[in-house]
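The values are calculated or read from the model by the stated rules, or taken from the named source; none is laboratory data. Remember, it's a predicted structure, so these values are computed and weren't measured experimentally. Positions of Cβ are backbone-derived with ideal geometry, glycine not excepted, and every protein chain shown enters the neighbour counts. Note: areas computed on protein heavy atoms with side chains; ligands, DNA, RNA excluded. Shrake-Rupley method; radii C 1.70, N 1.55, O 1.52, S 1.80 Å.
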Amino acid sequence: MPRLSEVIAALDALWPPERAEQWDAVGTVCGDPDARVARVLFAVDPVQDVVDEAVSLGADLLVTHHPLYLRGTTTVAAGHFKGRVVHTLIRNDIALHVAHTNADTADPGVSDALAGALGLRVVGPLVPDPSDTGGRRGLGRVCEVDPPETLREFAARAARRLPPTAQGIRLAGDPDATVRTVAVSGGSGDSLFDQVRAAGVDAFLTADLRHHPASEATQHSPLGLVDAAHWATEWPWCEQAAAQLDEISDRHGWDLRVHVSKTVTDPWSAHHDSSGAPN
């Protein structure tokens, strides 16, 4: 049975913390380096429901994509919901480790998992990492749709293949336009429109598209937009990451039990179609 420090070293080799954005907060949040690890749970968000799942599972390590303290804190008092997460973890001897933007740009990374879930063939990164001479790391992925399909059909594909959420899938653009190439970026992607247009793709699938960037993008070019829930675009990474750790465990003879959380932590709980007339 490996020590936590050994498992963390393996995770850091997959997603080196030095490749995270400067503003990010990745790495180990809590945990004893000498503690033994037998069971690991992967999830998108370090929220109380996921931590309770880790407790019920008997996990020794929780690995999440999103940081618990992205902007820092001055307290971990249990009277605050984030402090309560920390107290629950420590009380139950569960370590917490975060791989965020360092997992986004990895090879394979978050957008590789998203492309795989959608059944797309990855051509290369949307925003290449200049330090990667192999040209495989970077933010987002450019992919081929084979055979080509309409934007409407591609959006329906996303609705079938991604985890269900209250938001579902939104699209902007001509539903009957042909889609041969797409850019995908797990998580918030509306800062990438310049790179998406430069890639010359027919459509862009991402999350958290805001009104003004999306409106301007549709006016700028015929680019089709497919907007999914943030959590849904990043959850496939949990399965990919769990498989990577499983392979490492087998190679080292660790006999880890690696799990993926099925808890839906998308914050939206319901959706109603609009039927009212414009004011």
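Just checking the listed ones, 181, 263, 101: in the Gaussian network model of the chain with Cα springs under 10 Å, the one fluctuating most is 263.
What is the antiparallel percent of DSSP beta bridges lying wholly in the range 106-228, to the nearest 5? Roughly 60 percent of the DSSP beta bridges within the range 106-228 come out antiparallel.
When the Gaussian network model of the chain links Cα atoms closer than 10 Å, the mean-square fluctuations of 73, 233, 218 top out at 73. Taking the longest Cα principal axis of the chain as reference, the axis of helix 230-252 is set at about 50 degrees. Could you tell me the distance between the Cα centroids of the range 1-52 and the range 143-184, to the nearest Å? So the two Cα centres are separated by 33 Å. Loop-resident trypsin sites (Lys or Arg not before Pro) (DSSP state other than H, G, I, E or B) in the range 5-105 with no more than 15 further Cβ atoms inside 10 Å of their Cβ: 71. In terms of the Cα gyration tensor, with a ≥ b ≥ c the square roots of its eigenvalues, is the range 126-279 rounded because a/c is under 1.5, prolate because a/b exceeds b/c, or oblate? Oblate. Among the listed values (1) 16.8; (2) 27.9; (3) 21.1, the one matching mean projected area of the Cα convex hull in nm² as calculated from this structure is (1).
Nearest 500 deg cm²/dmol is fine: what mean residue ellipticity at 222 nm does the chain get from its DSSP H runs of n ≥ 4 alone, each adding -39,500 (n - 2.57), divided by its residue count?
Value at 222 nm, helices only, nearest 500: -10500 deg cm²/dmol.
Work out the FRET efficiency for residue 156 and residue 9 from their Cβ-Cβ distance, taking R0 = 45 Å, and round it to the nearest 0.05. After rounding to 0.05, the efficiency reads 0.60. Accessible surface of the range 22-96, 1.4 Å probe: 52 percent of it comes from carbon and sulfur atoms. The accessible surface of the range 106-228, taken with every protein chain in place and a 1.4 Å probe, is 49 percent carbon and sulfur. Surface exposure of the range 106-228, expressed per residue as accessible area with a 1.4 Å probe, stands at 46 Å². Could you check what % of the DSSP bridge pairs in the chain are antiparallel, to the nearest 5? Approximately 50 percent, going by the DSSP bridge assignments. Taking the charge dipole of the chain about its Cα centre, with +1 at Lys and Arg Cβ atoms and -1 at Asp and Glu Cβ atoms, the residue from 274, 206, 252 reaching farthest to the positive side is 274.
Each Lys and Arg Cβ is given +1 and each Asp and Glu Cβ -1; about its Cα centre, the chain then shows a dipole of about 280 debye.
Just flag the trypsin sites (Lys or Arg not before Pro) in the range 211-279 sitting in loop per DSSP whose Cβ has no more than 11 other Cβ atoms within 10 Å. Intermediate values should be presented prior to the final figure.
Working: sites: 251, 257, 262; in loops: 262.
Filter output for the range 211-279: 262.
Extension gain, residue 208 to residue 78, is 43.7 nm, computed as 0.36 nm per intervening residue step minus the present C-alpha separation.
The mean sequence distance of close C-alpha pairs (under 8 Å, at least 6 residues apart), as a share of the length of the chain, puts its relative contact order at 19 percent. Tell me the GluC sites (Glu not before Pro) within the range 1-69 that lie in a loop according to DSSP and have at most 16 other beta-carbon atoms within 10 Å. Passing sites in the range 1-69 are 21.
Given the options 217, 77, 20, state which has the largest fluctuation in a GNM of the chain using a 10 Å cut-off (strictly under) for Cα springs. Comparing 217, 77, 20 in a Gaussian network model of the chain, the most mobile one is 77.
Rolling a 1.4 angstrom probe over the protein heavy atoms with all chains in place gives the range 11-92 an accessible area of 51 Å² per residue.
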